[in-house]
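The block underneath contains the structure these notes are about, expressed in structure tokens.
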Amino acid sequence: MRPLQLLLAILVVCIAAITAAPRARAATQANALYSFGGSPDGNYPAANLVFDSAGDLYGTTVQGGTAGYGVVFELKPTSGGWSETILYDFCQKSACIDGATPFASLVVDSSGNLYGTTYDGGEYGYGTAYKLSQQANGSWIESVIRSFGS
């Protein structure tokens with residue numbers, strides 16, 4: 001094959017690959033694991049989800065919950081899909097000292113504790129760093145590690 005013919009053959013293969021790529025992407029569909037339904041459920045999940053060692057997913061919503069200031073939730077796989085449990089509902093304490101509006105992703109430690117931050121609330125009103133710990137009875141307790149602002 002001559003150099004010009006080889007170059008044309010490579011060009012044809014490249015063009016075919018480029019034009020086929022959008023069709024392949026268009027065939028891919030995302031499936032919703034869970035659809036949020038508003039108060040007392042969460043609204044507007046804005047951060048990444050994290051897995052624990054058991055394959056459960058954890059995340060936050062910016063709004064929703066009973067006070068409207070966001071929640072921490074867990075999604076567990078079930079035979080019919082995924083089920084959601086609200087682990088913590090923010091702004092349950094006076095002046096939202098427990099934090100409000102969690103925008104960031106969570107971190108899971110080796111003991112299963114969850115760590116995150118909030119955009120608002122806390123002692124000074126500029127957000128918190130918090131920890132959620134699961135209790136023996138299955139409930140979760142939130143503790144503020146740091147209130148930002150002073």
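Filtering the stretch 60-85 to residues that are assigned to a strand (DSSP E or B), under 18 Å from Thr117 (Cβ atoms) and not β-branched (Val, Ile, Thr) leaves Gln63, Gly64, Tyr69, Phe73. Looking only at residues of the stretch 106-119 that are of a type in the set (Ser, Thr, Tyr) and over 13 Å from the mean Cα position of the chain (by Cα), we find that the one that is surrounded by the most Cβ atoms within 10 Å (Cβ to Cβ) is Thr118.
Among the residues examined, Gly138 does not qualify as assigned to a loop (DSSP other than H, G, I, E, B), touching a residue at least 60 places away in the same chain (Cβ under 8 Å) and within 29 Å of Ala32 (Cβ to Cβ). Just so you know, in the stretch 54-66 the residues that are buried (at least 16 other Cβ atoms within 10 Å of the Cβ) and not hydroxyl-bearing (Ser, Thr, Tyr) include one that is farthest from Tyr126 (Cα to Cα), and it is Asp56.
From the list Phe90, Phe103, Phe73, Phe36, the one residue that fits, being outside the structural domain of Tyr119 (by TED's automatic domain parsing), touching a residue at least 24 places away in the same chain (Cβ under 8 Å) and either surrounded by 16 or more Cβ atoms within 10 Å (Cβ to Cβ) or under 18 Å from the mean Cα position of the chain (by Cα) (or both), is Phe36. For the stretch 95-103, the criterion of being part of a strand (DSSP E or B) and either modelled with pLDDT of 95 or more or not charged (D, E, K, R) (or both) is met by at least one residue. Residues in the stretch 120-130 that are buried (at least 16 other Cβ atoms within 10 Å of the Cβ) and assigned to a strand (DSSP E or B): Asp120, Gly121, Thr128, Ala129, Tyr130. Do we find that Ile145 is within 25 Å of Gly55 (Cα to Cα), more than 18 Å from the chain's Cα centre (by Cα), outside any loop (DSSP other than H, G, I, E, B) and hydrophobic (A, V, I, L, M, F, W, C) in this structure? Judged against the criteria, Ile145 is not a match.
The values are calculated or read from the model by the stated rules, or taken from the named source; none is laboratory data. Note that the coordinates shown come from a computational prediction; the quantities given were computed from them, not determined experimentally. No Cβ is skipped: glycine too gets one built from the backbone with ideal geometry, and neighbour counts run over all protein chains shown.
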